[in-house]
1. Can you tell me the FRET efficiency between Thr98 and Glu137 if r is taken as the Cβ-Cβ distance and R0 is 25 Å, rounded to the nearest 0.05?
2. Roughly what would the spin-label model give for Arg293 and Asp28, points 7 Å off Cα along C-beta, in nm?
3. Can you work out the Karplus-derived ³J(HN,Hα) for every residue in the range 278-286? Use 6.51 cos²θ - 1.76 cosθ + 1.60 with θ = phi - 60°, whole Hz, and x for glycine or proline.
4. Would you work out the charge dipole size for the chain about its Cα centre, treating the Cβ of every Lys and Arg as +1 and the Cβ of every Asp and Glu as -1, and quote it to the nearest 20 debye?
5. Taking the Cα centre as origin and putting +1 on Lys and Arg beta-carbons and -1 on Asp and Glu beta-carbons, what dipole magnitude results for the range 84-216, to the nearest 20 debye?
6. Answer with one residue from Val187, Phe234, Val246: the one whose Cα lies farthest towards the positive end of the charge dipole of the chain, charges on Cβ with Lys, Arg +1 and Asp, Glu -1.
7. List every residue whose amide H lies under 5 Å from the amide H of Gly268, counting only residues 5 or more places away in sequence or on a different chain, with H placed 1.01 Å from N in the peptide plane.
8. Output needed for the chain: three equivalent-ellipsoid semi-axes, defined as square roots of 5 times the C-alpha gyration tensor eigenvalues, in descending order, whole Å.
Amino acid sequence: MRHRTLGGLRVSAVGLGVMPLSIEGRPDEARALATVHAALDAGVTLLDTADSYHLPGDEPGHNERLVARALATYGGDTGDVLVATKGGRGRPADGTWTVNGPPRHLKAAAEASLKRLGLEAIGLYQLHKPDPAVPFEDSVGALRDLLDAGTIRLAGISNTTADQIRRAHAILGDKLVSVQNRYSPAVRDSDPELLLCAELGLAFLPWSPLGGISRSSLDGPSAGGSPDGPRERFEAFRTVAREHGVSPQRVCLAWLSRRSPTVIPIPGASRPETARDSAGAADLVLSAEDLARLGP
């Protein structure tokens, strides 16, 4: 497993998005735990979760409790595993994703996440999405207060613009270590944010990284293609995959990693074999010719 740097920490070059193990279509707990364990066996040391990853209308924290159980029952060393969680969103009974960013809520949510995860401090805590009803600086200020209190060790933001990244960086300084935005072959509108992260030395964690290659938990029905275009648009990923004898998903994750040295994809998985396949992307070397065919 190759590694990259996140906030001065050495983490696996490919992480695991644990969300699919707790939302609609989730596997039973035995398979869920086996999926996380398979990722750990493959060298993954970054697990991404959130308090809102649960079935609609359920109590927050299903995914965080699952991560805690997976780490507790793993037979190997977990001392170098970084658990990243998020606060500031909710999932009411209607299945929508709400936004809740007042400082008081974020602080209480972080304390609840810490208790569910069973850690001394949350390794990386991220504002899940800016709340348009709350001044952005107020929400980011809550992260600063959590850092000062020792509740969290590092801070990140998600679903943000380049301007918001700069504003958060002004408040948090070197304790702001990551940005988590949607980015994939099909969705590239976060190019400015990706470039800014490279400039500032922030890890860029693309969520839904397989858009256009396979359907993720937050993408609409796409029959294996992209919601934004025909399957043929991404056929080069399948061609390169056949030549390397690997899956198109693995090629996609390797391509993402080449976009910037600060990119750490966090693909989701609901089966052990999928987790292992994604982890293998860290060691897949794409040639200049491969990259040219896959597009800019």
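All of the numbers you see were taken from the coordinates with simple rules; none came from a lab. Since this is a predicted model, take the numbers as computed values, not measurements. Quick reminder, even Gly has a Cβ in these numbers, built from the backbone with ideal geometry, and neighbours come from all protein chains shown.
1. That pair, Thr98 with Glu137, gives E of 0.75.
2. 4.2 nm
3. Ordered by residue, 3J(HN,Hα) equals 4, 4, x, 5, 4, 9, 7, 9, 9 Hz.
4. Details: 33 positive and 35 negative charges, 37 e Å.
For the chain, the charge dipole is close to 180 debye.
5. Working: 16 positive and 14 negative charges, 88 e Å.
Dipole size: approximately 420 debye.
6. Val246
7. The list, which skips near neighbours in sequence, is Gly17.
8. They are 28, 22, 19 Å, listed from largest to smallest.
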